[in-house]
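A quick write-up on the structure given underneath.
The values are calculated or read from the model by the stated rules, or taken from the named source; none is laboratory data. Because the structure is predicted, anything quoted here is derived from the model rather than measured. Here the Cβ is made from the backbone with ideal geometry for all residues, glycine too, and neighbour counts use every protein chain on show.
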């Protein structure tokens with residue numbers, strides 16, 4: 001392989017893996033490329049993509065967030081409850097604000113009290129899930145009482161593409177710019193790359209780290225609202241294992257858990273890999289227990305490939 | 001003469017397109033100190049790694065005591081008696097001195113049929129081993145409570161516990177004070193008498209002239225010269241390291257800079273930066289002046305730099321251009337136009353980010369299009385390119401990650417950060433540590449140029465030659481207070497300085 005081709009391909013491992021996965025599945029079953037299936041994949045990816053974008057902020061900043069799954073459920077239920085009482089807009093704001101609040105708590109504890117992010121967010125993950133059951137009594141919230149416009153949002157399209165898909169698409173464009181081209185974005189990379197060196201360069205590292213959790217929480221809140229629209233109700237059990245899928249997607253996209261590395265669009269490719277893999281195993285009628293095994297293997301293989309590459 | 005303790009013949013190692021080693025012959029005899037010098041990137045580290053089994057040579061062979069050996073990893077080299085003391089010591093910070101020393105083969109005792117660690121014997125072993133080095137720390141103290149020099153002795157003591165035929169030291173004195181260097185040299189002299197072969201890698205040429213029995217100069221992966229004690233001096237070594245061009249001396253000890261004393265006396269210059277509260281180690285920096293800071297480890301000299309940069313707990317109050325400022329964090333100090341180059345490069349750079357990102361980091365908020373806008377890429381690129389040109393940072397690749405630059409160029413990137421921010425005051429901590437002679441001279445010239453442009457510099461260095469070369473005045477620090485101030489006009493007296501710092 002020539003050096004320039006190698007350079008173009010290096011760092012695009014996730015994209016190559018995704019294309020290979022699509023190609024293999026398409027060869028094995030004609031159903032994969034049907035418009036209905038492709039549209040399904042996009043919708044299934046949309047909510048996870050919003051979460052993964054937030055997770056990328058945290059992981060690039062050198063952190064970790066296990067609480068997003070619970071936050072999705074709490075935000076969805078809060079949004080549904082508020083919406084029934086005060087209307088659509090208030091509900092959406094309540095859902096996002098819930099996520100921001102959880103993120104702020106995580107961020108302050110991690111950035112200013114110096115508690116390990118894994119432990120902190122493990123705690124909030126359990127705590128927030130508890131709150132969901134307390135608030136809802138364990139029963140779904142909303143159903144037919146939800147505003148019609150909200151229910152439509154979960155399934156309607158704009159220019160032939162689901163509203164649910166537009167959300168991460170727009171977020172990806174705007175937030176990629178924030179990460180790459182604003183002082184704030186560069187400081188997130190610097191802080192994650194070497195917190196002490198960033199501090200000694202005058203970067204307010206505490207504020208930066210806390211802010212990444214606010215992004216992550218807020219976007220998880222938004223994802224909760226989207227999921228409620230799709231499920232037509234706020235579900236207290238929603239979002240379980242979402243944190244693991246999101247983290248796996250971000251790592252598949254090449255972000256480093258050491259911090260300082262990762263891009264939003266590659267994280268989204270990671271999300272697609274996870275969703276397409278599940279989809280193709282479904283289409284090929286692979287037993288769902290074996291699907292879990294396969295997905296676990298893929299995650300470890302991707303991380304190991306990354307280690308081998310960086311060692312070289 | 002008997003077979004060398006270790007020898008390499010025709011050693012060649014390639015990384016990608018670069019020949020890190022190109023047919024190098026090198027050997028060290030028992031009871032000999034063989035120094036290895038060369039500029040950054042000349043191949044010293046690669047040679048050390050090949051001899052210690054970290055890298056396998058592409059070509060060539062290694063012989064230990066005359067027998068050809070193949071090392072499949074550092075373990076093989078250690079088993080053959082080749083022990084390396086790297087710059088970054090491999091000790092476990094949270095374990096005690098005794099535990100670190102006996103790590104791997106702790107003294108055991110059988111209790112109820114189980115092997116348990118015999119703590120009393122472990123302590124005694126540690127005490128005995130360290131006593132041989134004239135070092136008597138509490139064996140139960142955690143290693144991270146010790147100074148770097150003390151940790152280095154622990155690492156050497158650990159090497160001595162194993163059967164050590166060849167000891168390789170990589171830049172052992174880079175972080176040491178004069179007194180500690182003397183202790184280290186005494187230890188090395190004793191080991192040499194006992195028959196250990198020592199390979200000594202250093203940038204400090206005066207040390208090598210004093211210590212080495214033989215000296216090999218590497219240049220571009222090849223042996224430039226190997227000479228015996230008495231037949232080399234600092235000038236020869238520099239000539240061999242840099243090739244003939246730079247050997248003419250341009251830049252390497254440049255003629256003494258003209259100090260402030262030679263300038264017509266102006267009205268008393270106001271302070272650029274001074275402590276606003278009375279204290280025993282108060283600092284006053286004037287524009288166009290480089291002030292040196294001399295002091296042993298633990299003297300409080302480093303603390304002064306950190307205080308003036310808003311680190312190290314608590315808020316410090318200073319006057320900057322006459323205006324009172326409270327510094328609670330580096331961000332405050334940067335806003336006050338102060339830049340800090342820390343002694344450890346990993347604290348000055350974010351290694352996985354590009355040179356460009358590193359240089360721009362302190363100045364990001366000044367490079368936006370309007371408030372809250374994006375970074376003006378054209379302006380940022382121009383600034384980075386200009387600085388890389390001005391500071392001669394090589395290669396001139398703005399996108400290359402900081403880790404890919406050599407030590408000297410990394411140090412220049414850190415300086416470029418603060419020049420990009422246009423700070424008025426630079427606080428420098430050992431800015432030329434582990435940097436080759438050519439880059440060192442460039443950095444010295446930069447410091448002078450910064451001062452002559454109206455800036456003020458506070459330079460902490462453990463290298464007296466560096467202080468006398470660059471500074472207008474030298475402050476001595478001892479036990480948290482400034483004990484003396486030497487002016488260039490009076491001539492810098494090394495004895496007087498040593499007395500003042502308590503050496």
message: Taking the conditions exactly as written (part of a helix (DSSP H, G or I) and over 30 Å from residue A:139 (Cα atoms)), does residue A:211 satisfy them or not?
response: yes
field: Test: residue A:253 is at positive phi and at pLDDT below 90
entry: no
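Yes/no matrix, rows are residues, columns are (1) over 30 Å from residue B:56 (Cα atoms); (2) in contact with a strand residue (DSSP E or B) (Cβ under 7 Å, 6 or more places away or on another chain); (3) at pLDDT 85 or above:
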position: B:76; (1), (2), (3): no, no, yes
position: B:88; (1), (2), (3): no, no, no
position: B:92; (1), (2), (3): no, no, yes
position: B:106; (1), (2), (3): yes, yes, no
position: B:133; (1), (2), (3): yes, no, no
position: B:139; (1), (2), (3): yes, yes, yes
position: B:142; (1), (2), (3): yes, yes, yes
position: B:159; (1), (2), (3): no, yes, no
- prompt: Looking at segment A:15-33, is at least one residue buried (at least 20 other Cβ atoms within 10 Å of the Cβ) and farther than 28 Å from residue A:188 by Cβ?
  reply: yes
- prompt: When segment B:405-438 is examined, which residues are found to be more than 14 Å from chain A (Cβ to nearest Cβ), over 11 Å from residue B:359 (Cα atoms) and not in a loop (DSSP other than H, G, I, E, B)?
  reply: B:407, B:408, B:409, B:437, B:438
- line: (1) in contact with a helix residue (DSSP H, G or I) (Cβ under 7 Å, 6 or more places away or on another chain); (2) more than 7 Å from chain A (Cβ to nearest Cβ); (3) surrounded by fewer than 24 Cβ atoms within 10 Å (Cβ to Cβ) all hold for residue B:343 apart from (1)
- prompt: Which numbered condition trips up residue B:334, out of (1) in a loop (DSSP other than H, G, I, E, B); (2) buried (at least 23 other Cβ atoms within 10 Å of the Cβ)?
  reply: (1)
field: Selection within segment B:178-204 - farther than 25 Å from residue B:147 by Cβ and not in a loop (DSSP other than H, G, I, E, B)
entry: B:193, B:197
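Kindly evaluate residue B:50 against the criterion of being in contact with a strand residue (DSSP E or B) (Cβ under 7 Å, 6 or more places away or on another chain), part of a helix (DSSP H, G or I) and at pLDDT 85 or above. Working first, answer last.
Details: in contact with a strand residue (DSSP E or B) (Cβ under 7 Å, 6 or more places away or on another chain): yes; part of a helix (DSSP H, G or I): yes; at pLDDT 85 or above: yes.
Answer is yes for this residue.
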query: Taking segment A:188-202, which residues are buried (at least 23 other Cβ atoms within 10 Å of the Cβ) and within 7 Å of chain B (Cβ to nearest Cβ)?
result: A:189, A:190, A:193, A:194, A:197, A:198, A:200, A:201, A:202
- line: Among (1) within 16 Å of the chain's Cα centre (by Cα); (2) away from chain B (no Cβ under 14 Å); (3) under 30 Å from residue A:38 (Cα atoms), residue A:161 falls short only on (1)
task: Considering every residue within segment A:143-153, establish whether at least one is touching a residue at least 40 places away in the same chain (Cβ under 8 Å) and within 21 Å of the chain's Cα centre (by Cα).
output: yes
- prompt: Would a scan of segment B:241-256 turn up a residue that is part of a helix (DSSP H, G or I), crowded, with 20+ Cβ neighbours inside 10 Å and modelled with pLDDT under 80?
  reply: yes
- request: Filter the helices (runs of 4 or more DSSP H) completely within segment B:67-146 down to those with at least 1 residues that are at positive phi.
  value: none
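Does residue A:267 fit the bill of being more than 14 Å from chain B (Cβ to nearest Cβ), within 15 Å of residue A:25 (Cα to Cα) and crowded, with 17+ Cβ neighbours inside 10 Å?
Values: more than 14 Å from chain B (Cβ to nearest Cβ): yes; within 15 Å of residue A:25 (Cα to Cα): no; crowded, with 17+ Cβ neighbours inside 10 Å: yes.
Criteria not met by residue A:267.
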- line: Subset of segment B:387-396, residues without any contact (Cβ under 8 Å) to a residue 24 or more places away in the chain and in contact with a helix residue (DSSP H, G or I) (Cβ under 9 Å, 6 or more places away or on another chain), comes to B:394, B:395, B:396
- request: Give A:227, A:277 a once-over and let me know the one that is in contact (Cβ under 8 Å) with a residue 24 or more places away in the chain, away from chain B (no Cβ under 14 Å), in a helix (DSSP H, G or I) and buried (at least 24 other Cβ atoms within 10 Å of the Cβ).
  value: A:227
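I need a count of the residues in segment B:301-325 that are outside any helix (DSSP H, G or I), touching a strand residue (DSSP E or B) at 6+ places or on another chain (Cβ under 6 Å) and crowded, with 19+ Cβ neighbours inside 10 Å. I'd like the intermediate steps shown before the answer.
Taking segment B:301-325 and keeping what is outside any helix (DSSP H, G or I), we get B:309-325.
When the remaining residues are screened for being touching a strand residue (DSSP E or B) at 6+ places or on another chain (Cβ under 6 Å), the result is B:309-310, B:315-320, B:325.
Next, only the ones that are crowded, with 19+ Cβ neighbours inside 10 Å stay: B:309-310, B:316, B:318, B:320, B:325.
Result for segment B:301-325: 6.
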- request: Please indicate, with yes or no, whether at least one residue in segment B:310-332 is touching a helix residue (DSSP H, G or I) at 6+ places or on another chain (Cβ under 9 Å), at pLDDT 90 or above, within 14 Å of chain A (Cβ to nearest Cβ) and within 15 Å of residue B:422 (Cα to Cα).
  value: yes
Output for segment A:168-187, where each listed residue is away from chain B (no Cβ under 13 Å) and buried (at least 20 other Cβ atoms within 10 Å of the Cβ): A:168
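Identify the residue in segment B:351-386 that is out of contact with any helix residue (DSSP H, G or I) (no Cβ under 8 Å at 6 or more places or on another chain), more than 16 Å from residue B:405 (Cβ to Cβ) and in a helix (DSSP H, G or I) and, among all such residues, is farthest from the other protein chains (Cβ to nearest Cβ).
In this case the residue turns out to be B:386.
From B:364, B:426, which residue is free of Cβ contacts under 8 Å to residues at least 60 places away in the same chain and buried (at least 22 other Cβ atoms within 10 Å of the Cβ)? Give the steps one after another, and end with the answer.
Details: B:426 fails: free of Cβ contacts under 8 Å to residues at least 60 places away in the same chain.
Selected residue: B:364, the only one of B:364, B:426 that is free of Cβ contacts under 8 Å to residues at least 60 places away in the same chain and buried (at least 22 other Cβ atoms within 10 Å of the Cβ).
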- request: Restricting attention to segment B:122-136, report how many residues are surrounded by fewer than 17 Cβ atoms within 10 Å (Cβ to Cβ) and under 14 Å from residue B:96 (Cβ atoms).
  value: 1
- prompt: Does residue A:197 satisfy the criteria of being touching a helix residue (DSSP H, G or I) at 6+ places or on another chain (Cβ under 8 Å) and in a helix (DSSP H, G or I)?
  reply: yes
